1. For Ala205, what is the net charge nearby, where nearby means another residue's Cβ is under 14 Å from its Cβ and Lys, Arg count +1, Asp, Glu -1?
2. If you roll a 1.4 angstrom probe over the protein chains with everything in place, what fraction of the accessible area of the range 49-101 belongs to carbon and sulfur, to the nearest %?
3. When Lys and Arg each count +1 and Asp and Glu each count -1, what net charge do the other residues less than 14 Å away from Leu69, Cβ to Cβ, add up to?
4. For the chain, report the accessible area per residue in Å² (1.4 Å probe, heavy atoms, rounded to an integer).
5. Taking a virtual spin label 7 Å from the Cα of Glu14 along the C-beta vector, which residues in the range 133-172 bring their backbone nitrogen under 15 Å of it?
6. Over the chain, calculate the relative contact order: mean separation of alpha carbon pairs under 8 Å at least 6 apart, over the residue count, as a percent.
7. Rounded to the nearest 500 deg cm²/dmol, what is the calculated helix-only ellipticity per residue at 222 nm for the chain, with -39500 (n - 2.57) per DSSP H run of length n ≥ 4?
8. Return the ratio Rg/(2.2 N^0.38 Å) for the chain, where Rg is computed over Cα atoms only.
Amino acid sequence: MTGLSLRTLSSLTEVDKSAWDLVANPEGEPYDPFLCWDFLHALEASGCATTETGWQPAHIVAQAKDGALLGALPAYAKAHSYGEYVFDHAWADAYERAGGRYYPKLLSAIPFTPVTGRRLLSPDETVREALARAAMQIAEQNHLPVWSMNFPGSGDLETGGRLGLLHRIDRQYIWENDGYRSYDDFLAALASRKRKALKKERAAANADIEITGLTGDDLRPEHWDVFFACYQETGSRKWGQPYLNRDFFDRIHQAMADRIYMVMAKRGGRYFAAALNFIGSDALYGRYWGRLANSPFLHFELCYHRAIDFAIEHGLARVEAGAQGEHKLARGYRPRPVHSLHHIPDENFRRAVADYLDYERRTVLADIEAQQAEWPFKAGP
């Protein structure tokens with residue numbers, strides 16, 4: 001494109017918020033809360049995604065001659081592989097055993113957020129390709145071992161395919177709304193034994209607790225106090241140290257409360273568990289949950305069943321409940337492929353990774369097909 005210029009940003013504060021949001025969530029595309037300036041800026045301003053935490057912002061933007069923003073690519077120079085949910089630790093180990101230096105690397109992703117979405121942010125394919133080529137060039141000129149694009153959307157996959165990027169496949173479990181008007185409609189689509197099991201599970205989960213869903217102005221600081229305590233407790237057990245701090249959650253509450261749906265459980269007049277979701281225009285995204293006390297089937301009720309209730313009530317097409325979790329199958333979540341793209345400048349390393357990815361793709365797709373036998377839905381053609 002004539003007159004197109006590209007540059008990198010060390011902070012989102014270097015670009016106008018409204019200009020970023022216009023290319024991140026353009027008219028006609030489903031709204032993605034994780035691409036908006038407020039979400040990404042909250043990660044930086046809170047200190048969660050910074051050079052000090054191993055996430056040095058290096059966002060690539062494309063501008064016209066008059067300075068108008070034509071496109072953007074969220075990007076970070078990574079000093080480690082944590083918080084990505086596309087696991088390349090074996091690649092790093094192999095590269096360094098061969099005498100190379102794997103970090104820093106270049107990553108295009110939403111920090112700590114394994115959600116599929118647009119990454120090459122522009123309605124113009126020429127601009128999207130220019131952004132991708134710029135990232136490839138940055139990796140090559142700075143002798144970085146890899147540029148990765150995690151959880152790209154379908155348009156990004158097409159662009160990456162044309163540019164010869166390596167393609168990796170994993171799976172997530174996603175609930176899909178087949179036009180259900182109520183939770184009972186959804187249950188009616190299940191095999192009888194599975195339907196009865198979910199009814200019993202939900203009845204047990206709700207037996208001695210009160211569950212509330214909150215969004216927008218109904219969310220108050222005391223709710224975030226409980227949520228953050230729950231998040232810290234669960235994060236400490238799973239990761240050793242949670243990735244996100246209280247300042248991050250305060251910032252998204254102030255900027256994005258209408259895009260947040262929090263499910264909270266109360267017993268004896270006191271909240272003791274919470275699950276945090278983000279609301280897109282066609283999907284509900286389950287992100288974090290935690291609890292300060294045990295209760296039967298609590299995790300399934302707060303994170304999966306209540307998310308389905310919300311999606312049906314608001315006509316959302318799907319619920320994306322995050323990475324991993326084969327237990328989601330029994331609750332109506334289907335295994336679906338998710339993707340990543342990789343540019344590896346070193347030819348020998350590239351060949352080795354490409355051979356591995358050929359094998360991995362076949363294995364993952366075969367596993368997804370095999371899991372259809374475990375779906376709780378009625379048998380059909």
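The values are calculated or read from the model by the stated rules, or taken from the named source; none is laboratory data. What you see is a predicted model; the values in this text were computed from it and never measured. All Cβ positions, glycine included, derive from the backbone under ideal geometry; neighbour counts span all protein chains shown. Just the protein is used for accessible areas: all its heavy atoms, side chains included, with ligands, DNA and RNA removed. Shrake-Rupley method; radii C 1.70, N 1.55, O 1.52, S 1.80 Å.
1. On the way: positive: Lys199, Lys200, Arg202, Lys266, Arg267, Arg291, Arg306, Arg331; negative: Glu201, Asp208, Glu210, Glu301, Asp309.
Net local charge, Ala205 excluded: +3.
2. 53 percent
3. Value of the local net charge: -1.
4. Roughly 44 Å² per residue, with all protein chains present.
5. Zone members listed by number: 135, 138.
6. 20 percent
7. When only DSSP H runs of four or more count, the value is -11000 deg cm²/dmol.
8. Ratio of Rg to 2.2 N^0.38 Å for the chain: 1.02.
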